[in-house]
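Take a look at the structure below.
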Amino acid sequence: MKDLILLGASGSIGTQTLDIVREFNDKFQVLGLSVGSDLEKAKKIIEEFKPKMVVTKTLEDLNELKSLFKDIDFDYGDNGLINLATFEKENLNVTLVVALVGTVGLLPTIEAIKVKRNIALANKETLVIAGEIVMNLARENNVTIFPIDSEHSAIYQGLVGENHNDIKKLIITASGGSLREYSREALAKVTKEEALAHPNWKMGAKITIDSATMMNKGFEVIEAHHLFNVGYDKIETIIHKESIIHSIVEFNDSQMKAQMANSDMRMPILYALSYPQRLEYQNELNLVGKNLTFEQMDFDRFPCLKMAYEAAIKGNIYPTVLNASNDCAVRLFLEDKISFLMIEEIIKEALSEATSVSELSLEVILETEKNVREKIIKKYERGI
């Protein structure tokens, strides 16, 4: 029985992780979890999975839940997430599942690595802004970081048993997102509802918009660079509208491994939690009658992906600025405060104003994140 600590239990990935725990309750149990602001949902999760520790967003939420569940350890806020990530740190049978959205997932992940806890990582920001720091720390502590997304799980599976030096290329597939058939002219009038209607995947709002701009794929390129120690010149992206092949590894002998599966996030979650086992899970892919298509990525159509590559190659503080500006811009769009195409303009502006730092520390990364966010909010939300 493996113990899980789940950060972000009430979000999209968190909910699907709990689906896996429910189905394989003889293999996994929830030791602790964090919940969002939906307390009714939180109550149902706590009642069903009976964790030993729960972290809420606010003290008020903590007090409400504590009055109902008196035998549970409660904490709240960012410090609470760190305490949860290291809960029962002497327990060597714990995997931390990081299903939070945003940079709030970074520090808990780092602290969990320090107590030698394996990580099942769905939080993109952790590696986008601090990939080198996190991966170095993981190597120092002999910790494995299992990716929880379809693309990196596909690459991970493709590399099992292979020699890293034999990698010629990593090819990350992209569905094209909800707006893949729209012209640049049509994108100027896109509504929030249109952008959130992904044709293949059921995901949270933020990642669905990132998929529409293709920034999500840019983040995945940066993640792949850190996870698999492969140069950016060896990481490509292609459009694959069917979302059946999730990534491809090409080797020096020009042979390829392509991982194929239905669009179901529970499968990469299960793989990350059960590795090196493969537990029986029913969602078979029937290839009969399927057409698999591939298209060259158009960087003029998806300038966010181009900016992501450029920021990644520059390195230093630029991926942090990329992430912070994108996060703010997407939130402004979801709040109906800017148009869809303004997302890329805000990111472009932030990157043009960025300057390299002499030493890239965790403190500098977090301070830069804060400053970029404050500047964008001041300009676009408050209208100053």
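Side notes on the structure shown:
- Nearest-20 debye value, segment 2-148 charge dipole, Cβ charges on Lys, Arg, Asp, Glu: 300
- Between the residues Gly315, Leu305, Cys328, the greatest Cα displacement towards the positive end of the dipole of segment 269-350, with unit charges on the Cβ of Lys, Arg, Asp and Glu, is found for Gly315.
- Taken over segment 147-227, the ratio of Cα radius of gyration to 2.2 N^0.38 Å equals 1.29.
- Label separation (Glu162 vs Ile238): 1.4 nm, computed from points 7 Å beyond Cα along the C-beta direction.
- The label-point distance for Ser67 and Glu349, in a model that sets each label 7 Å from Cα toward Cβ, rounds to 4.5 nm.
- Overall Cα dimensions of segment 122-166 - principal axes, largest extent first, Å: 26, 24, 16
- HN-Hα J in Hz across segment 132-148 - Karplus 6.51, -1.76, 1.60, θ = phi - 60°, x for Gly and Pro: 5, 4, 5, 5, 4, 5, 4, 5, 4, 9, 6, 9, 9, 9, 8, x, 10
- Considering all C-alpha pairs of segment 315-384, those separated by over 18 Å amount to 33%.
- Computed from the alpha carbon positions, the gyration tensor of segment 149-313 leads to an equivalent ellipsoid with semi-axes of 26, 20, 15 Å, biggest first.
- Rounded to 0.05, the FRET efficiency of the Asp38 and Asp78 pair, given R0 = 25 Å and the Cβ-Cβ distance, is 0.85.
- HN-Hα J in Hz across segment 169-184 - Karplus 6.51, -1.76, 1.60, θ = phi - 60°, x for Gly and Pro: 6, 10, 10, 9, 8, 9, 5, x, x, 5, 10, 5, 8, 7, 6, 4
- Rounded to whole numbers, the Karplus 3J(HN,Hα) couplings from phi for segment 18-34 are 5, 4, 5, 4, 5, 6, 10, 6, 8, 10, 10, 9, 8, 7, x, 7, 10 Hz, using 6.51 cos²θ - 1.76 cosθ + 1.60 with θ = phi - 60°, and x at Gly and Pro.
- Per-residue [θ]222 nm for the chain (sum of -39500 (n - 2.57) over DSSP H runs n ≥ 4, rounded to 500): -13500 deg cm²/dmol
- Under the Debye formula (equal points on every Cα, no solvent term), log10 I(q)/I(0) of the chain at q = 0.06, 0.08, 0.14 Å⁻¹: -0.22, -0.40, -1.32
- Among Gln157, Leu285, Ser183 the positive-end extreme of the charge dipole of segment 149-313 (Cβ point charges): Ser183
- Segment 254-282 and segment 316-359: distance between their alpha carbon centers, rounded to Å: 33
- Based on the Kirkwood approach, the hydrodynamic radius assigned to segment 2-148 is 15.0 Å, with every pair of different Cα atoms included.
- Ordering Ser211, His226, Asn91 by Cα displacement along the dipole of the chain toward the positive end leaves Asn91 in first place; charges were set at the Cβ atoms of Lys, Arg (+1) and Asp, Glu (-1).
Quick note: the coordinates plus some simple rules give every number you see, no bench work behind them. Quick caveat: nothing in here was measured; it's all calculated off a predicted structure. As a convention, Cβ positions derive from the backbone with ideal geometry for all residues, glycine included, and neighbour counts pool all protein chains shown.
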